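Take a look at the structure below.
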Amino acid sequence: MSGDLLQPANDFLKNLRLLAIYVECSPENLHRYLCWHPPEGSAFEVRSGRTLEQFEQFDQGNIARGWPLLSLHINARNIHSAVWISADHYATAAKVLAGYAITPAKRIPLD
């Protein structure tokens, strides 16, 4: 998929109330989404195909609003794809990921 279609594809899924709970971006710029129908009232943010700097900017914004980082994929070209979800729905989403043998992302504190 073309890089300029990534966010419109995610927005299309969001309009269907599907959450791309996990996103991968290969070095060949191929993308894979694991979709889930989240509970009513949940909120989330999905950003794929981002540089480290862009990822850090989105992450800081989500830290400020109290949203945990749910999933993160970094490809061989250091391209980041991440999903954040509202804190009250994190545990449910983590269980969904576990059903696919995916461990939720952890923020590594910077020294």
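In percent, how large is the relative contact order of the chain, given Cα pairs closer than 8 Å and 6 or more residues apart?
Working: 177 pairs, mean separation 28.9, N = 111.
It comes to 26 percent, rounded to a whole number.
222 nm [θ] for the chain, helices only, -39500 (n - 2.57) per DSSP H run of 4+, per residue, to 500?
Computed mean residue ellipticity for the chain: -8500 deg cm²/dmol.
For a protection proxy built on the mean count of beta-carbon atoms within 10 angstrom, sort 45-58, 72-85 highest first, please.
The peptides rank, most packed first, as 72-85, 45-58.
Determine, for each peptide in 93-101, 63-71, 17-25, the mean count of other beta carbons within 10 angstrom over its residues, then list the peptides with the highest first.
17-25, 63-71, 93-101
Read the figures in this text as sums done on the coordinates, not as results from a lab. A quick note: this is a predicted structure, and the numbers were derived from the prediction, not measured. A quick note on method: Cβ atoms are made from the backbone with ideal geometry, for glycine too, and the neighbour counts reach across all protein chains shown.
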